[in-house]
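Working notes for the structure below.
Computed from the coordinates by the stated procedures, all read-outs in this text should not be read as laboratory data. Here the structure is a predicted model, which is why all the values come from computation and not from measurement. Methodologically, a virtual Cβ is constructed for each residue, glycine included, from the backbone with ideal geometry; neighbour enumeration extends over all protein chains shown.
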Amino acid sequence: MDPELEAFIPFLPDTDVTDPLTARRNFAERAAARPAPEAALLDVEDRTVPGDPDVAVRIYRPRDEKSPLGAIIWLHGGGFVFGDLDTEHPWAAKLAHGSGVLVVSVDYRRSPEHRYPAALDDAWTVLGWLAAHAAELGVDPERIAVGGHSAGGGLAAGLALRSRDRRGPAIRFQLLNQPGLDDRQETWSQRHFTATPWHDRAKLTAVWAHYLGDAVADEYAAPARATELSGLPPAYISTAEFDPLRDEEIVYALQLMQAGVPVELHQWPGTFHGSQAILSADVSQRQLAELCEVLRRALA
C-alpha cells in the first residue's frame, strides 16, 4: 500500500450499502464537509434534460476555452446506490478545470428504487440531448466523450456499447476510472479481495443485487459480458491495485485491444478503490491530473 494512503485507512468510513437511504445520507454529509472546489474559471449551470422521465444535469463550462468545445457526459460513482450532482460537484469541477472541456454531470436514477436499465436510460437520454443541442451549447458534436468513476464508469462503458449497437450519437472517447464491469465476480481480485478499504467483495455483491434485482445482466448492464467489442471508441482505463474490480478492468482493456480498439491502461500500484479522493497523497494528485490530461488530449 502507498504509505500516504495507508495512513488514512483507520479513518475511512464504513459504507453500509445494504441500507441505501442511510448510505446516501452519510455520503452526502461527508461530501458537504469537503472544501468547495475552485470554480472561479468555470460557468456552472443546472439544467433539466427532457425525457421520460426528465434528467437533471449540471454543466461545467471552462471560461477561458474557445467554442466549440469538446464535451464529456460524466457519470458519478456510488455503486448505483448513492451519489448525486452535489456529491460529484468537486470532481466534475476538477475535471472541467483541468481538461478544458465541457462536463455534463448526470443525476441518473439510483437503485434499488430504480433498477437497471433506469440509470443507463437516463445517460442515453442525456447523450441524445447533448448531440442534438451541441450548437446551442457551444460543443463540437464530433468531440463528445463518455466517462465515469466506479459504477459510473461501468455505465459509461454500457452507454458506448448501446450507442454503437443502436447507431446513436458518435462517441469520440471513453474515460473509465476504476469501472464496475462484471456482475459475476469470478476474477482473482474479486475472489480474494474480501477486506480491502472502502470496496470489497461483499459490498459489490450487495450493489449488484440492488441494481439488477431478479434480472439477468446483459452486456449493457455488465459490459464484461459483451462478446463483440469492435467498433467501440478508444478508451482510457484506470485501475487500482487493491480493488476487487481490478482484474475485470484489465481483462476488458485487453479484450478491447484484441478487438482493435485503442486503449490506454494505467494500473496504479499501492492504491485502492476510490483512494484518489485522498487529495493530500501524491499518487492521488497524479491520478487526477492524468484523467484531466488524457481527456484534454482525446478531445483536442
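So for each of 290-300, 153-163, 81-91 I average, over its residues, the number of other beta carbons within 10 Å; can you give me the resulting order with the highest mean first?
153-163, 81-91, 290-300
Might you report the magnitude of the Cβ-based charge dipole of the chain about its Cα centre, with Lys and Arg at +1 and Asp and Glu at -1, to the nearest 20 debye?
That gives the chain a dipole magnitude of about 440 debye.
At 7 Å along the Cα-to-beta-carbon direction for both Ala195 and Asp64, put a label point, then send me their distance in nm to one decimal.
Between Ala195 and Asp64, the simple spin-label model gives 4.8 nm.
Could you work out, for segment 99-211, what percent of all Cα-Cα pairs fall into each 10 Å distance bin, beginning at 0 Å and stopping at the bin that holds the largest distance?
Histogram of Cα-Cα distances, whole percents per bin: 13, 41, 29, 14, 3.
Given a Förster distance of 35 Å, report the FRET efficiency between Ala39 and Thr227 from their Cβ-Cβ distance, rounded to the nearest 0.05. Write out the running numbers ahead of the final one.
Values: r = 43 Å, r/R0 = 1.22.
Calculated transfer efficiency: 0.25.
Go ahead and set up a Gaussian network model of the chain, Cα springs under 10 Å, then flag whichever of Phe173, Phe11, Phe80 fluctuates most.
Phe11
Explain nothing, just the number: relative contact order of the chain, from Cα pairs under 8 Å at least 6 residues apart, as a whole percent. Each step should come with its number before you reach the end.
On the way: 606 pairs, mean separation 56.1, N = 300.
This gives 19 percent for the chain.
Do the sum for the chain: with -39,500 (n - 2.57) for every DSSP H run of n ≥ 4, divided by all residues, what is the mean residue ellipticity at 222 nm, to the nearest 500 deg cm²/dmol?
On the way: 10 runs with 113 residues, N = 300.
Helices in the chain give a 222 nm mean residue ellipticity of -11500 deg cm²/dmol.
Once phi is turned into θ = phi - 60°, what whole-Hz ³J(HN,Hα) does the Karplus curve with 6.51, -1.76 and 1.60 give for every residue of segment 265-276, x standing for Gly and Pro?
Karplus values, whole Hz, x for Gly and Pro: 10, 10, 9, 8, x, x, 10, 10, 4, x, 5, 5.
Identify which of Ala224, Ala32, Ala119 has the largest mean-square fluctuation in a Gaussian network model of the chain, with springs joining Cα atoms closer than 10 Å.
Judging by the Gaussian network model, the answer is Ala32.
Can you tell me the alpha carbon radius of gyration of segment 1-92 divided by the globular rule-of-thumb value 2.2 N^0.38 Å? Intermediate results must be reported in sequence, preceding the final value.
Details: Rg = 16.5 Å, N = 92, 2.2 N^0.38 = 12.3 Å.
So the Cα radius of gyration is 1.34 times the expected 2.2 N^0.38 Å.
Between Ala28 and Ala135, what length comes free when the chain is fully extended (0.36 nm per residue of separation minus the Cα-Cα distance, one decimal in nm)?
Stretched fully, the Ala28-Ala135 segment lengthens by 35.1 nm.
Of the residues Gly152, Gly78, Gly51, which exhibits the maximal mean-square fluctuation in a Gaussian network model of the chain defined by a 10 Å Cα contact cut-off?
Judging by the Gaussian network model, the answer is Gly51.
Once the Cβ-Cβ distance between Arg296 and Arg109 is put in as r, and R0 is 30 Å, what FRET efficiency do you end up with, to the nearest 0.05?
0.50
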